[in-house]
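Engineer: Please see the structure below; I have some questions.
The values are calculated or read from the model by the stated rules, or taken from the named source; none is laboratory data. Note that the coordinates shown come from a computational prediction; the quantities given were computed from them, not determined experimentally. Don't worry about glycine lacking a Cβ; one is built from the backbone with ideal geometry, like all the others, and counts go over all protein chains shown.
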Amino acid sequence: MLIFTGKFGEFLNNFYNELYHYTIDSYKIVVDSFKDQNSDFYSKQFHHYEIASIIIINKAFYQNLFGFYKLLNDRLPFAAFNSLRASLETMRLFRAFFINKDFRESYIANNNLDFRSGSDYEFMQKNVNKVLKQVDLSAKHNNIDNKGVIGNSAISELHNELSRWSHCLNNNMLFFTEINDNRIYLEIEDEYGEIMQTFLRKYLEGSLFILVEHLTTYGPEITAKNKVFLDNTDKVFSSYSEFIKKFY
């Protein structure tokens, strides 16, 4: 199914397909590192509970990112935007867990089983961002700069905007995207009008940088030995260069 139409529709549909397959490839590389006992991943000396958490949170991240692409293709933009927001939040939490020992220990030690009334406030985004900021202020970890995912970063702005979709906070966004030619399409799947496609394009771009930040957490060694993936990375960013020329 074609997502984008108009002047650059073909280019954007191809870019969407590239990003989808690039995400699949990156997941396979990360999983391969989990399977290989001699990989650089295990040299970081996580204990088995930490490794289990890393594998599961990583899976949650990729499921949400895959969900974004699949739901876009199914023409369910509200659900797609919510999945992208969840992938962004999981990326941040994963980084805090991966690089901060105190956060890891607190996360694993959490014994809250009262899911109806208990609170896991310590691990909500506000506090995850505090951890990432503190790490940035104390010392760089593997040359990771957390300013790119917190504070006034483009990713934080993206998160704020996606939250408006998730909670239907902004009536203008809803009206501009859902009313076309004075009509509201009543099927559960949406027709993507011109204004909605502007948001889809923006969030497609955002999905690339959320993925890049996630891979950055692992460090360059996780992909450095895979020439095919590095070649695919060059292709994706070559397409992104064309994206910039067309839309900026």
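Engineer: With the condition kept exactly as written, say whether any residue in segment 4-14 is closer than 23 Å to PHE237 by Cβ and in contact with an Asp or Glu (Cβ under 9 Å, 6 or more places away or on another chain).
Structural biologist: The initial filter retains those residues of segment 4-14 that are closer than 23 Å to PHE237 by Cβ, namely 4, 7-14.
Of the ones still in play, those that are also in contact with an Asp or Glu (Cβ under 9 Å, 6 or more places away or on another chain) are 4, 11.
So far as segment 4-14 goes, yes, one or more of its residues are closer than 23 Å to PHE237 by Cβ and in contact with an Asp or Glu (Cβ under 9 Å, 6 or more places away or on another chain).
Engineer: Let me ask something else. Just name the residue that is farthest from ILE57 (Cα to Cα) out of those in segment 215-248 that are touching a Ser or Thr at 6+ places or on another chain (Cβ under 8 Å) and not β-branched (Val, Ile, Thr).
Structural biologist: At the first step, the residues of segment 215-248 found to be touching a Ser or Thr at 6+ places or on another chain (Cβ under 8 Å) are 215, 218, 222-223, 229-230, 233.
Keeping just the survivors that are not β-branched (Val, Ile, Thr) gives 215, 218, 229-230.
Numbers: LEU215: 13, TYR218: 13, PHE229: 22, LEU230: 24 Å.
Checked segment 215-248; the qualifying residue farthest from ILE57 (Cα to Cα) is LEU230.
Engineer: Residues that are out of contact with any Lys or Arg (no Cβ under 6 Å at 6 or more places or on another chain), under 22 Å from LEU200 (Cα atoms) and modelled with pLDDT of 95 or more: which helices (runs of 4 or more DSSP H) entirely in segment 41-132 hold 3 or more of them? Reasoning before the result, please.
Structural biologist: Values: elements: 48-73, 77-99, 101-109.
So the answer is 48-73, 77-99.
Engineer: Taking the residues in segment 203-239 that are over 25 Å from PHE11 (Cβ atoms) and without any contact (Cβ under 8 Å) to a residue 60 or more places away in the chain as candidates, determine which candidate is surrounded by the fewest Cβ atoms within 10 Å (Cβ to Cβ).
Structural biologist: Top of the filtered list is LYS227.
Engineer: Could you check segment 1-41 and list, in sequence order, the residues that are farther than 30 Å from SER241 by Cβ and more than 24 Å from the chain's Cα centre (by Cα)? Full working, then the answer.
Structural biologist: At the first step, the residues of segment 1-41 found to be farther than 30 Å from SER241 by Cβ are 34-39, 41.
Answer for segment 1-41, where residues must be farther than 30 Å from SER241 by Cβ and more than 24 Å from the chain's Cα centre (by Cα): ASP36, GLN37, ASN38, SER39.
Engineer: Only one of these conditions is not met by LYS245: (1) at pLDDT 95 or above; (2) surrounded by fewer than 13 Cβ atoms within 10 Å (Cβ to Cβ); (3) within 25 Å of PHE66 (Cβ to Cβ). Which number is it?
Structural biologist: All conditions are met except number (3).
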